[in-house]
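Below is one structure, written out as structure tokens; comments come after it.
Since every read-out is calculated from the coordinates, none of them should be taken as a lab result. The structure presented is a predicted model; accordingly, all values stated were derived computationally and were not measured. Positions of Cβ are generated from backbone atoms using ideal geometry, with glycine treated the same way; all protein chains shown enter the neighbour counts.
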């Protein structure tokens, strides 16, 4: 199906750009630096770095409610990518379509920013935790052990793409984006450096709020009746967690063993909540609650920013997430 889509996109793009022979298309406004981002966090960071500079045109592919993991570009998206000057993407499995889209580029000076590449050795792998749907329950005597069905190490072999959920990563990635914008448009270096420095101060201040708040919290464990894209965040602040699925697994149903394991953890740790991520139903979380002793836990939602729209704000959303964490980690 994806091959058919890419062939269609290629055909439409070829028709669009080849109508006047082999000439390269002329951009609508050759004075502007066109920047395209595939995910909202990178779009919002770039918007903050650009600030009031008028020489940049910024575009977010997709929109509110469009999940990173299911996004497929339209012919119009491919056309936009083909003429842009800077293209910012995650660089992981979820945007595997990017390599084919970039083949349509008519800008020989196009610069691509891949967030995973920019982070280098700070990139993590999805983690396999006890009780996850991705594991197999094995009974040995009266003890229940959880072992992964295929792998023999703590991490999976799948890169965790959710790098934007670390405020510390965000600061590194903002520098990488600013460096590229300056490379492409050096005449705006002073303004761009000023803007990125000011924005990084906001990110650093919020990171400190997270660190101080979580350090003072009586509890240090999160429990998700859902997928778990927050490994970068919990690792930053030394939080423990349990979840129904690793990373952003495509699974939508949890087994009885997973439900029971998580419900027992809620009882064992005396948790007053079960968490879920944005954009998903409460079904698994509600089932976990029904299987606890008290059956009265509150369901809390943490925003993964995977399907945010251009009118949202990264810092505001991360502040809201801290409020949710405060509630979850309180007694």
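Output needed: percent of Cα pairs per 10 Å distance bin for region 259-315, bins running from 0 to the one holding the longest distance.
All Cα pairs, binned at 10 Å, distribute as 24, 43, 21, 12, 1 percent.
Would you mind getting me the FRET efficiency between residue 76 and residue 54? Use the beta-carbon distance for r and R0 = 22 Å, nearest 0.05. Working shown, then result.
Details: r = 24 Å, r/R0 = 1.09.
The pair residue 76/residue 54 has a calculated efficiency of 0.35.
Which residues does the label zone of residue 280 cover in region 212-243, counting backbone N under 18 Å from a point 7 Å along Cα→Cβ?
221-235, 240-243
Order of 74-81, 37-44 by packing, highest average Cβ count within 10 Å first?
Highest to lowest by the protection proxy: 37-44, 74-81.
Please list, by residue number, everything in region 84-119 whose backbone N is under 15 Å from a paramagnetic label point 7 Å out along Cα→Cβ of residue 183.
Answer for region 84-119: 85-89, 108-119.
What is the gain in length, in nm to one decimal, between residue 253 and residue 216 on full extension, counting 0.36 nm per residue of separation less the C-alpha to C-alpha distance? Let's see the in-between values first.
Values: separation 37, 0.36 × 37 = 13.32 nm, distance 3.51 nm.
Gain on extension, residue 253 to residue 216, equals 9.8 nm.
Rounded to the nearest 0.05, what FRET efficiency do residue 320 and residue 99 have when you use their Cβ-Cβ distance and R0 = 45 Å?
Values: r = 35 Å, r/R0 = 0.77.
Computed FRET efficiency for residue 320 and residue 99: 0.80.
Can you classify region 172-331 as rounded, prolate or oblate using the Cα gyration tensor, where a ≥ b ≥ c are the square roots of its eigenvalues, rounded means a/c under 1.5, and otherwise it's prolate if a/b beats b/c and oblate if not? Present the calculation step by step, with values, prior to reporting the outcome.
On the way: a/c = 3.06, a/b = 2.08, b/c = 1.47.
Judged from the Cα gyration tensor, region 172-331 comes out prolate (a/c at least 1.5, a/b above b/c).
If you average the C-alpha positions of region 291-331 and of region 91-110 separately, how far apart do those two centres end up, in angstrom?
Comparing the Cα centres of region 291-331 and region 91-110, I get a distance of 33 Å.
Is region 162-266 rounded, prolate or oblate when judged by the Cα gyration tensor, a ≥ b ≥ c being the square roots of its eigenvalues, rounded requiring a/c under 1.5 and prolate requiring a/b larger than b/c? Display every interim value, and only then the final one.
On the way: a/c = 5.80, a/b = 2.06, b/c = 2.81.
Verdict is oblate for region 162-266.
What FRET efficiency, computed as 1/(1 + (r/R0)^6) with R0 = 30 Å and r the Cβ-Cβ distance, is obtained for residue 193 and residue 32, rounded to the nearest 0.05? Could the numbers behind the result be given before it?
On the way: r = 20 Å, r/R0 = 0.67.
For residue 193 and residue 32, the calculated efficiency is 0.90.
Quick one: which of 188-194, 283-289 comes out on top by average Cβ neighbours within 10 Å, and what's the full order, highest first? Don't skip to the answer; put the middle values down first.
Numbers: 188-194: 15.1, 283-289: 21.3.
Answer by packing, highest mean first, reads 283-289, 188-194.
Roughly how many Å is it from the Cα centre of region 156-235 to that of region 59-86, as a whole number?
Taking the Cα centre of each part, region 156-235 and region 59-86 sit 23 Å apart.
Does region 56-113 come out rounded, prolate or oblate, given a ≥ b ≥ c as the square roots of the eigenvalues of its C-alpha gyration tensor, rounded meaning a/c under 1.5 and, failing that, prolate meaning a/b above b/c?
On the way: a/c = 1.66, a/b = 1.41, b/c = 1.17.
Here region 56-113 falls in the prolate category.
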